[in-house]
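Here's the structure, in structure tokens; my notes come after.
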Protein chains: 2
Amino acid sequence: MSLIISIDAMGGDFGVDVTVPASLACLQENPALTLILVGDEAVLNPLLSQSFSTYGERLQIQHASQTVEMDESPSKALKNKKDSSMRVAINLVRDKRADACVSAGNTGALMATARFVLKMLNGIDRPAIISTLPSIFGHTYMLDLGGNVDCTDEHLFQFAVMGNELVKAIEGIENPKVGLLNIGEEEVKGNEQVKAAAKLLENSHLNYIGYVEGNSINAGHEKVDLIVCDGFVGNVALKSIEGAAKMIGTVLKESFGKNLLTKAAAFVAYPVLQMIKKRIDPRLYNGASFLGLRGLVIKSHGGADVLAFKTAIKLAEVEVSHNVIQKITDQVEATLAQRATS
Amino acid sequence: MSLIISIDAMGGDFGVDVTVPASLACLQENPALTLILVGDEAVLNPLLSQSFSTYGERLQIQHASQTVEMDESPSKALKNKKDSSMRVAINLVRDKRADACVSAGNTGALMATARFVLKMLNGIDRPAIISTLPSIFGHTYMLDLGGNVDCTDEHLFQFAVMGNELVKAIEGIENPKVGLLNIGEEEVKGNEQVKAAAKLLENSHLNYIGYVEGNSINAGHEKVDLIVCDGFVGNVALKSIEGAAKMIGTVLKESFGKNLLTKAAAFVAYPVLQMIKKRIDPRLYNGASFLGLRGLVIKSHGGADVLAFKTAIKLAEVEVSHNVIQKITDQVEATLAQRATS
């Protein structure tokens with residue numbers, strides 16, 4: 001089984017400074033991996049020249065003359081940047097020359113380009129973005145995280161079906177627990193789309209456990225494998241959690257750095273603080289998957305550093321080796337066929 | 001100026017075990033305060049008998065024969081519990097016998113009862129819930145936090161006007177920075193209601209600074225005094241932050257408690273860990289205000305302990321002494337008059 005991943009080498013806030021070292025580290029760690037770095041070959045060649053002898057055919061460059069800016073509008077990127085590193089990296093997936101693509105480029109442009117180039121699965125109206133977040137039980141998958149606002153019940157149901165297949169494939173769980181994000185566990189609460197989506201989920205093949213609240217993402221009463229929500233709500237929740245973690249990190253740093261005594265305490269507590277960081281380091285949760293497309297695209301955080309971008313590449317490796325796209329495609333077709341005849 | 005607050009003594013997960021000691025502590029700390037504890041006098045009398053001599057007229061009991069259950073539906077509470085501690089405590093505000101009411105009872109029932117008993121301000125369609133959350137800049141006010149799903153742009157605008165007056169009154173800020181919660185700072189993003197609300201805010205007397213994202217609640221790029229959002233989104237954000245904080249707290253506890261060495265580190269770091277806790281302890285942020293009503297009702301977290309419930313009572317004291325309800329009423333009337341003639 002091949003494991004070829006195209007990398008949008010120019011994407012992200014730091015471009016090749018991050019994508020190149022992260023790519024080389026992944027090649028070193030996984031001997032089965034081939035990476036195609038897409039970007040300006042005049043920039044990439046000198047950076048990679050010493051590595052070709054080490055990795056041979058497993059390290060390739062695909063030239064692309066343009067770069068999509070981080071603040072470029074999706075429609076302009078689509079129209080004017082037909083030879084961008086982002087677009088060419090996705091083209092490689094379409095042409096079956098790569099099994100997946102990883103980009104830290106701007107989310108809107110990446111989604112628009114992926115959708116245009118790869119096309120949607122039959123039966124899916126909108127692509128969704130899924131990612132994991134740390135929880136006291138391990139981690140929780142959540143979608144949609146930003147692609148879709150004003151979702152209907154049917155959209156939410158489609159997200160659940162796709163996310164469920166991804167969680168099954170990656171985690172090896174037979175029947176992932178699927179929760180619907182709401183503002184209360186009582187039946188009466190929630191907006192109209194969420195209530196209607198609950199009915200669809202109750203009557204589906206999914207292991208739907210009911211409504212869950214925002215705290216279930218990181219620390220609910222019980223483990224939830226997959227949380228489904230509108231992309232507006234999901235993005236706000238994700239960013240709110242990021243902000244809370246950042247605030248607590250800032251308070252920790254300020255408190256331990258306050259004076260000589262607290263600095264001494266920090267010195268003593270250093271191994272513990274490192275242990276804590278390791279469990280909730282957002283860089284170890286970097287990488288979101290676009291679902292609903294005829295090919296695999298992984299979005300890295302734009303501000304990702306080398307460790308974070310490596311995490312995103314590794315996520316692509318895992319999803320390719322678990323054949324996630326094929327499994328989602330099969331299930332979407334089966335589920336929609338069932339729904340059409342029921 | 002009077003400072004009389006009615007306490008729903010039977011409300012919350014712990015009822016009198018929390019409300020009574022918290023009330024007595026507040027009476028001790030503020031000699032200008034009068035509290036009317038509302039509930040079953042057969043329960044309250046023995047608990048308070050020794051305190052009457054200390055506080056005299058400042059400590060009163062108002063009998064109420066019923067209690068609203070934490071999982072009771074708002075409509076049932078409204079219909080069947082006309083002599084509940086919650087209802088009677090709110091009645092005291094309506095009858096001008098109290099300046100505000102504090103309850104840890106169930107949010108839905110409290111909101112429905114407050115709305116029914118106190119009535120809405122002219123020009124406000126829906127009451128909203130506002131609270132503060134800790135941030136790296138101090139704290140941030142946010143509304144709506146759970147009362148309202150499927151808000152229109154006009155609702156969001158009304159929330160902003162009311163919240164702005166509250167922040168001005170309590171914080172003494174002339175022009176609070178008002179942000180609208182969205183999923184991106186670019187103009188193109190967001191759902192339809194949010195985009196339309198942005199236009200209303202741009203053309204208003206408010207110091208509207210534009211869209212803010214979820215991370216702005218706790219740790220954005222710049223200080224925002226007031227964040228306005230739909231009650232669905234606000235509740236999810238609030239609960240997500242609660243979950244993130246709980247997860248980090250759990251990881252901290254587990255890591256420091258792992259073995260003898262880490263426990264020794266915790267011992268050394270204890271004063272710092274206490275300092276950290278003090279800055280982000282959610283109990284010090286307990287208490288949410290209902291806005292849009294003809295009277296002041298403060299909702300405490302149902303699971304509040306004595307310290308947390310004390311915080312909610314103190315919030316009521318602050319809002320009464322700053323005349324918050326009158327200021328909101330004046331501004332709502334002025335703003336709506338202005339809007340009607342423009």
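Since every read-out is calculated from the coordinates, none of them should be taken as a lab result. What you see is a predicted model, and the numbers here were worked out from it, not measured in a lab. So basically every Cβ, Gly included, is an ideal-geometry build from the backbone, and we count neighbours across all protein chains shown.
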State the dimensionless ratio Rg/Rh of the stretch B:76-150 (Rg: radius of gyration of Cα atoms; Rh: Kirkwood radius).
1.02
Selection from B:TYR55, B:ALA25, B:GLY39, by position along the positive dipole direction of the stretch B:1-61 (Cβ)
B:TYR55
Inter-copy distances for B:PHE137, nm, shortest first, label points 7 Å along Cα→Cβ, are 3.6
Using a 7 Å Cα-to-Cβ projection, B:GLY56 label spacings across copies, nm, ascending:
9.6
Can you compute the helix-only [θ] at 222 nm over chain B? Use -39500 (n - 2.57) per DSSP H run of at least 4 residues, normalise by all residues, nearest 500 deg cm²/dmol.
-16000 deg cm²/dmol
Under 18 Å Cα to Cα from A:LYS76, which lysines show up? Leave out anything in the same chain fewer than 8 places away.
B:LYS189
Burial ordering of A:PHE116, B:PHE159, fewest other beta-carbon atoms within 10 Å first
A:PHE116, B:PHE159
Can you report the principal axis dimensions of the stretch B:139-201 using only the alpha carbons, biggest first, rounded to whole angstrom?
34, 25, 20
Please work out, to two decimal places, the log10 of the ratio I(q)/I(0) at q = 0.05, 0.10, 0.12 Å⁻¹ from a Debye calculation in which every Cα of the protein assembly as shown carries one identical scatterer.
-0.27, -0.99, -1.31
Any idea how far the Cα center of the stretch A:281-297 sits from the one of the stretch A:63-80, in Å?
20
Can you pull a Stokes-Einstein diffusion coefficient for the stretch A:13-65 at 20 °C (1.002 mPa s), Rh from Kirkwood over Cα pairs, as a whole number of µm²/s?
192
Using Cα pairs under 8 angstrom and six or more residues apart, how large is the relative contact order of chain B, in percent?
22
Cα-based equivalent ellipsoid, the stretch B:223-342: semi-axes from gyration tensor eigenvalues, Å
40, 17, 12
Which value, to two decimals, describes the C-alpha radius of gyration of chain A once divided by 2.2 N^0.38 Å?
1.03
Scan the stretch A:225-312 for chymotrypsin sites (Phe, Trp or Tyr not before Pro) in coil per DSSP, keeping those whose Cβ has at most 15 other Cβ atoms within 10 Å, and list them by number.
none
Counting other Cβ atoms within 10 Å, keep those with at most 13, restrict to DSSP loop, and tell me which GluC sites (Glu not before Pro) in the stretch B:131-175 are left.
B:GLU174
Using only Cα atoms, locate the centre of the stretch A:101-117 and the centre of the stretch B:95-147, then give the distance between them in Å, rounded to an integer.
43
Say each of B:LYS119 and A:ASP71 gets a label point 7 Å from the Cα, pointing the same way as Cα to Cβ; how far apart are those two points in nm?
5.1
Using only the Cα atoms of the stretch A:125-283, what do you get for the radius of gyration and for Dmax, in Å?
18.3, 61
Most exposed to least, judged by fewest other Cβ atoms within 10 Å, B:VAL20, B:VAL233, B:VAL268 sort to B:VAL268, B:VAL20, B:VAL233
Counted neighbours (other Cβ, 10 Å), sorted fewest up, put A:MET162, A:MET10, A:MET70 in the order A:MET70, A:MET10, A:MET162
Could you check which residue among A:LYS223, A:LYS253, A:LYS239 shows the biggest mean-square fluctuation in a GNM of chain A with a 10 Å Cα cutoff?
A:LYS253
What does DSSP give for chain B in terms of the percent of beta bridges that are antiparallel, rounded to the nearest 5?
30
Percentage relative contact order, the stretch A:125-283, counting C-alpha pairs under 8 Å, at least six apart:
28
Going Cα to Cα from B:LYS96, which aspartates and glutamates come in below 19 Å? Please leave out same-chain ones fewer than 8 positions away.
B:ASP8, B:GLU57, B:ASP83, B:GLU317, B:GLU319, B:ASP330
Testing the spin-label approximation: label points 7 Å from Cα along Cα→Cβ at A:SER53 and B:PHE14. State their distance in nm.
7.0
Along Cα-to-Cβ, 7 Å out, sits the label point; list in nm, shortest first, how far the one on A:ASN122 is from those in the other copies.
6.2
